[in-house]
Every structure is written in C-alpha cells, then in structure tokens.
Amino acid sequence: MIAYAQPRSDWAIGFLDEVWWSRFALPRLHTWQDPEYPVRLVEQSWQKNDPDPKALACYGVLWQNGTTEEPVREQMWLRFVTGRPVSEITIQFLDWCCQQLAAQGKRQWLLIWDNASWHVSKMVRTWIRKHNLAVKQTDEGVRACELLLRAGDSKICYDRHSKPIYREEGASDVLFYCIVTDLAFTDE
C-alpha cells in the first residue's frame with residue numbers, strides 16, 4: 001500500500017498511534033537507578049472532589065514523504081486529551097486530521113495503525129465508512145484507507161477488508177508492499 005500511495009501527490013501516508021497515562025496506576029517498568037538514590041514512585045489515590053483528570057492521552061500521527069526506498073518521516077501531529085483513548089476521542093482526532101489534510105489539498109489518507117480496541121470498534125468503523133461515503137458523494141474532503149498492523153506478527157498486516165498482506169523479507173518494519181485488487185480508493 002505504501003508503494004502504491006507514495007508517488008501520488010494527493011495521498012498522505014500516516015502512522016497513527018496513541019499512548020495514555022493514569023495519575024493513579026503505577027507504570028510497569030524497570031529502571032536503572034542509583035543505589036544510593038532509588039526512584040520512589042508513590043501510588044496516588046483518587047479523592048472524591050478531585051478536579052484533575054484521572055488520565056491523560058496523547059494521539060499522534062507520523063507522516064511519511066519521500067520515496068519507498070528512502071522514506072522521510074520528519075513531521076508529526078500530536079493532540080493531548082484528558083482521559084484514555086476511546087472511540088469517541090479517536091473519531092474526533094481522525095476528523096481533525098482529515099480537515100488538516102484537506103486544507104493541504106490531500107484527497108486520500110493511507111491510515112496505518114494497530115488493532116487497538118478503539119481502532120476496530122463498531123463506532124470508529126461506522127464513522128470511517130460514513131465519512132468516506134460522504135467524501136465520495138460530495139467530492140470534498142479526505143478519504144481514509146485503513147491498513148491494520150496485526151499485533152505480534154511483523155510480516156503480516158491487514159487491509160480494511162481483513163485480507164492478509166505480506167511484507168517483503170528484509171524490508172523495514174514499517175514498510176509494506178502489497179497489491180490490493182479491489183481497493184476502493186483508486187484514482188478513478
């Protein structure tokens with residue numbers, strides 16, 4: 001898909017992911033530390049009238065330009081939100097990205113992301129389908145072409161129809177070559 005989208009000037013290639021932190025749960029991590037001054041993490045407890053959010057999430061998209069052989073990944077869009085990643089916030093971020101891309105003259109977004117529960121939720125899938133249909137009918141906006149990275153298998157990813165797409169041996173971890181015969185996002 002990347003090889004297909006890369007030479008087209010009206011396509012954008014973006015790798016989307018998010019991370020979130022809880023103010024109350026201690027992180028699961030190991031650290032190197034000075035034995036004389038060990039790191040001390042104190043678990044916080046929520047107070048009934050605490051006005052601060054319990055969690056903070058960061059959504060981000062890493063944009064790829066350049067060629068397939070020499071990708072350039074210098075631009076990243078970040079949005080911070082209170083709470084953890086959920087379908088509703090994901091939709092707001094997708095919509096914001098589509099608006100920004102439309103302002104740049106893009107028509108298609110190769111959206112590469114993992115299969116987090118909020119990515120594959122019925123709410124997000126429905127929004128993407130309806131959004132793409134509206135863009136097709138009005139000929140305004142940016143259509144999102146999803147490419148799901150399958151967790152735990154670095155050689156296989158899935159297009160939006162859950163068809164396996166195999167990565168070339170020795171290719172970059174984020175570089176996938178594929179041929180999708182029924183791709184709905186062609187230059188018709």
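The values are calculated or read from the model by the stated rules, or taken from the named source; none is laboratory data. This is a predicted model, so every value here is computed, not measured. Positions of Cβ are generated from backbone atoms using ideal geometry, with glycine treated the same way; all protein chains shown enter the neighbour counts.
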Give me a count of the residues in region 84-113 that are crowded, with 21+ Cβ neighbours inside 10 Å and either closer than 17 Å to residue 2 by Cβ or in contact with a His (Cβ under 6 Å, 6 or more places away or on another chain) (or both). 6
Could you please find all residues in region 114-139 being among the hydroxyl-bearing types (Ser, Thr, Tyr) and either surrounded by 11 or more Cβ atoms within 10 Å (Cβ to Cβ) or on the phi > 0 side of the Ramachandran plot (or both)? 121, 126
Inside region 55-72, the number of residues satisfying the requirement of being farther than 16 Å from residue 109 by Cα and loosely packed, with under 15 Cβ neighbours inside 10 Å is 5
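Can you find a residue that is in a helix (DSSP H, G or I), over 14 Å from the mean Cα position of the chain (by Cα) and either closer than 18 Å to residue 17 by Cα or at pLDDT 90 or above (or both) anywhere in region 142-160?
Filtering region 142-160 for residues in a helix (DSSP H, G or I) gives none.
No, region 142-160 contains no residue that is in a helix (DSSP H, G or I), over 14 Å from the mean Cα position of the chain (by Cα) and either closer than 18 Å to residue 17 by Cα or at pLDDT 90 or above (or both).
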If residue 106 meets every condition in (1) modelled with pLDDT of 95 or more; (2) part of a loop (DSSP other than H, G, I, E, B); (3) under 17 Å from the mean Cα position of the chain (by Cα); (4) not hydrophobic (A, V, I, L, M, F, W, C) apart from one, which number is that one? (3)
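Pick from 128, 91: which is in a helix (DSSP H, G or I), closer than 14 Å to residue 17 by Cα and without any contact (Cβ under 8 Å) to a residue 60 or more places away in the chain? Let's see the steps before the verdict.
Numbers: 128 fails: closer than 14 Å to residue 17 by Cα.
Going through 128, 91 in turn, the sole match is 91.
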Look at region 31-52 and say how many of its residues are modelled with pLDDT of 80 or more and closer than 28 Å to residue 92 by Cβ. 4
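Of the residues 65, 49, which single one is in a strand (DSSP E or B) and out of contact with any Phe, Trp or Tyr (no Cβ under 9 Å at 6 or more places or on another chain)? Working first, answer last.
Values: 49 fails: in a strand (DSSP E or B).
Unique residue meeting the criteria: 65.
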